[in-house]
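A short worksheet on the structure shown next.
Only the coordinates and a few stated rules stand behind these numbers; no lab work does. As the structure is a computational prediction, the values presented were derived from the model and not from experiment. Reconstructed Cβ throughout: ideal geometry from the backbone, glycine too, with neighbour counts over all protein chains shown.
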């Protein structure tokens, strides 16, 4: 059985999202590292990853905000990607 299947069995629910965090998009990495830590087996590696994600996310935040604002603006105007 795979990891997701094992977690679903342990927690008795199919409502589980399993993400390979170091391969996930930056906003998901940031969100995940801003939550409550459940387990770590390598404190130094985890804190290095969290530091990298936070710094990179803060650098990219203006771009994400501009993209999101433009997306919602175009959506309100009824424009799609091709129009």
For this session: Taking residue 32 as meeting all but one of (1) exposed (fewer than 10 other Cβ atoms within 10 Å of the Cβ); (2) in a helix (DSSP H, G or I), write down the number of the exception.
Result: (1)
Exercise. Among the residues of region 13-29, how many are free of Cβ contacts under 8 Å to residues at least 12 places away in the same chain and in a loop (DSSP other than H, G, I, E, B)?
Worked result: 7
Seminar exercise, completed: Restricting region 1-17 to residues that are surrounded by 10 or more Cβ atoms within 10 Å (Cβ to Cβ) and under 18 Å from the mean Cα position of the chain (by Cα), the one nearest to residue 64 (Cα to Cα) turns out to be 16
Seminar exercise, completed: From the option list 37, 61, single residue qualifying as assigned to a loop (DSSP other than H, G, I, E, B) and either under 13 Å from the mean Cα position of the chain (by Cα) or without any contact (Cβ under 8 Å) to a residue 40 or more places away in the chain (or both) is 37
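Please work out if residue 69 is in a helix (DSSP H, G or I), free of Cβ contacts under 8 Å to residues at least 24 places away in the same chain and touching a helix residue (DSSP H, G or I) at 6+ places or on another chain (Cβ under 7 Å).
Spelling it out, it is not the case that residue 69 is in a helix (DSSP H, G or I), free of Cβ contacts under 8 Å to residues at least 24 places away in the same chain and touching a helix residue (DSSP H, G or I) at 6+ places or on another chain (Cβ under 7 Å).
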